[in-house]
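Worksheet: one structure, shown below.
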């Protein structure tokens, strides 16, 4: 079955005076995906989302959603979109249920249908025991769940989640991520922005790495990892290695980067069999005593590091 | 639609800090006014009158034209509003003032002056007497210099005014300077709708709050949301003002006139001005919510101050020196409208107030609407 693009962004340019926030951004998102927009803070993720939602004016480019141009007056498109903002956006003066019902009412007029949808959203986010509480009384994790419930209560076809797990404890974070996967399973297309690569790696079916307002690479996690030289990173705790020894390691097959800082040896190698065995054999030959040894496959951070020359967490 | 009204209504009335400023604070302030003035003065908006205030008059040796005129003026007030004691030297007068057997000392000089020992109702009356004299003297000097041929007409007009007020008070009511405070209070309360307006404006702007962004991306038309917000705000604040007016008239006994229709009209326009002022302040770009509330306090209390909320005679002083301020200060216009209804029954002046209020309401409504109608922003 051929996938269809439900979002198409072409050559999107957004400037804030002299600062170029989006620099000819191009994106295509297909129906049924969990699409990850990964980039450091300030890379342009939220600006792209705000342009997509027709909240921000942009200087150049086109945005189409469900095949139609997106404008502030595109109410039929807006009806099919649910948004979970980075900042919690609920009314402090209303209870959990009232908040969800209010936001549902902005999409759904029918009272009975609304009641059913609100009940489902409460159950989905596990807020059954907190329906009569005001947001101020909720923990950070529950508040985030309420934020999500308000955004998805009308069962949208497209859900945009802008860093929904910021400042959330690990347990709530896992629950939120499981919920997102479930929403996708129920038929919604998801756009998920984050600077937490583990989350993106865990749930996204396709990822765009974005920095300085343009897309650096797009693909599945595996496709992105194959784009880079690093196939494996070996980390070894070792005492007093001299330059001659490090030079020897550099000359081992498939090794392309060696660093030694604070008694930790880090070796990056291309994808090949028996990399670890070769390195350990060499150290034993040279009678080097070492402690713990780690071998890691490349992460999205490695992908980002190789593409941009800087850590994603910077 | 109805459920959006309902939730917006709940959200606004449950916002305790804002409702405190818009409803409770004016009621508390009114109660404090009532307690500090005592009930005696307030009854004078009915048919009663106050006791004469005991004073001493001290004359300087060499008397000028101005001093003689002031002495004559005081002599006319003796028995009406003042009870001039038989004290001739300054030292005796000061002793009497310290012993609180008199409330003040008028000095008959080229530039008349007044000495009081404390703040209070009697002292306010004496201040008003002096202000009133200075005001009239300044007016006559101005007429004498610019239109000397009209001086006699002006003097006759003043005599006519004196006769009228002495025998049959306009609107059938005597004037108590303290009542000014209550008119200014209701006017200030109308402007306090700004506190509700700011919150509503912030909740509707995508470039100011996350809530605004969330509401802006829904399929409900922005105009519908604005209409719901404004209607609910007007309703709530209009009701707030009605509660205050009921409290001021029924509990505190201050008359706001007998024309209920006119009172409702002024209250409605006052509420609208307050709410729109807040919505317009809420639209101010890129200042924090706290700052906006600070601006709100400034834009409600300062006009209230100019309208006589902290010093009852302030509006008259401004009227004397810069009347334009009283025409463009919504609190002063509102206070004046209440004054016309409660004291004067002066339809011409009342109509002028209504016209100014209508223009202000329309202008502020337009500014507020232009501020919040935007759907797409340069930056968020």
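Computed quantities for the displayed model
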read-out	value
In the stretch A:98-123, residue nearest to the other protein chains (Cβ to nearest Cβ) [restricted to those that are within 24 Å of residue A:137 (Cβ to Cβ) and surrounded by fewer than 19 Cβ atoms within 10 Å (Cβ to Cβ)]	A:115
Any hit, the stretch B:230-249, residues being over 18 Å from the mean Cα position of the chain (by Cα) and in a loop (DSSP other than H, G, I, E, B)	no
Residues (more than 10 Å from the chain's Cα centre (by Cα) and either in contact (Cβ under 8 Å) with a residue 40 or more places away in the chain or outside any loop (DSSP other than H, G, I, E, B) (or both)) located in the stretch B:311-325	B:316, B:317, B:318, B:319, B:320, B:321, B:323, B:324, B:325
Test set (1) modelled with pLDDT of 95 or more; (2) within 14 Å of chain B (Cβ to nearest Cβ) - residue A:29 fails condition number	(2)
Residues of the stretch A:49-66 classified as more than 10 Å from chain B (Cβ to nearest Cβ) and either free of Cβ contacts under 8 Å to residues at least 24 places away in the same chain or in contact with a helix residue (DSSP H, G or I) (Cβ under 9 Å, 6 or more places away or on another chain) (or both), total	4
Residue match in the stretch B:260-283 (condition: surrounded by fewer than 15 Cβ atoms within 10 Å (Cβ to Cβ) and over 18 Å from the mean Cα position of the chain (by Cα))	yes
Subset of the stretch A:36-48 [surrounded by fewer than 23 Cβ atoms within 10 Å (Cβ to Cβ) and more than 10 Å from chain B (Cβ to nearest Cβ)]	A:40, A:41, A:42
Test result for residue B:363, part of a helix (DSSP H, G or I), in contact with a helix residue (DSSP H, G or I) (Cβ under 9 Å, 6 or more places away or on another chain), under 24 Å from residue B:245 (Cα atoms) and assigned by TED's automatic domain parsing to the domain that holds residue B:230	no
Any chance residue A:178 is within 18 Å of the chain's Cα centre (by Cα), surrounded by fewer than 22 Cβ atoms within 10 Å (Cβ to Cβ), part of a helix (DSSP H, G or I) and assigned by TED's automatic domain parsing to the domain that holds residue A:50	yes
In the stretch A:128-143, residue nearest to the other protein chains (Cβ to nearest Cβ) [restricted to those that are in a helix (DSSP H, G or I) and more than 20 Å from residue B:11 (Cα to Cα)]	A:140
Test set (1) modelled with pLDDT of 90 or more; (2) within 14 Å of chain A (Cβ to nearest Cβ) - residue B:29 fails condition number	(2)
Among (1) at the interface with chain A (Cβ under 8 Å from one of its Cβ atoms); (2) part of a loop (DSSP other than H, G, I, E, B), the one test that residue B:208 misses	(1)
In the stretch A:111-127, residue nearest to residue A:175 (Cα to Cα) [restricted to those that are part of a helix (DSSP H, G or I) and under 28 Å from the mean Cα position of the chain (by Cα)]	A:124
Test: residue in the stretch B:336-354 that is assigned to a helix (DSSP H, G or I), more than 14 Å from chain A (Cβ to nearest Cβ) and closer than 30 Å to residue A:14 by Cβ	no
Helices (runs of 4 or more DSSP H) wholly inside the stretch A:211-314 containing at least 2 residues that are under 30 Å from residue A:61 (Cα atoms), modelled with pLDDT of 90 or more and within 23 Å of the chain's Cα centre (by Cα)	A:221-226
Entirely in the stretch B:63-118, the strands (runs of 3 or more DSSP E) that have 3 or more residues that are over 15 Å from residue B:132 (Cα atoms) and modelled with pLDDT of 85 or more	B:104-108
Qualifying position, being in a loop (DSSP other than H, G, I, E, B) and free of Cβ contacts under 8 Å to residues at least 24 places away in the same chain, among B:256, B:284	B:284
Residue B:193 being away from chain A (no Cβ under 14 Å), in contact with a helix residue (DSSP H, G or I) (Cβ under 7 Å, 6 or more places away or on another chain) and at pLDDT below 90	no
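So that you can scan it fast, the table gives a plain yes or no per residue for (1) on the phi > 0 side of the Ramachandran plot; (2) in the same structural domain as residue B:23 (by TED's automatic domain parsing); (3) surrounded by fewer than 19 Cβ atoms within 10 Å (Cβ to Cβ); (4) assigned to a loop (DSSP other than H, G, I, E, B):
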site: B:296; (1), (2), (3), (4): no, yes, no, no
site: B:299; (1), (2), (3), (4): no, yes, no, no
site: B:305; (1), (2), (3), (4): no, yes, yes, no
site: B:309; (1), (2), (3), (4): no, yes, no, yes
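Residues checked against (1) under 30 Å from residue A:220 (Cβ atoms); (2) surrounded by 14 or more Cβ atoms within 10 Å (Cβ to Cβ):
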{"site": "A:243", "(1), (2)": "no, no"}
{"site": "A:268", "(1), (2)": "yes, yes"}
{"site": "A:277", "(1), (2)": "yes, no"}
{"site": "A:280", "(1), (2)": "no, yes"}
{"site": "A:284", "(1), (2)": "no, no"}
{"site": "A:288", "(1), (2)": "no, yes"}
{"site": "A:296", "(1), (2)": "yes, no"}
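The values are calculated or read from the model by the stated rules, or taken from the named source; none is laboratory data. Since the structure is predicted, the reported quantities are computational estimates derived from the model, not experimental observations. Note that each Cβ is placed from the backbone with ideal geometry, even for glycine, and that neighbours are counted across all protein chains shown.
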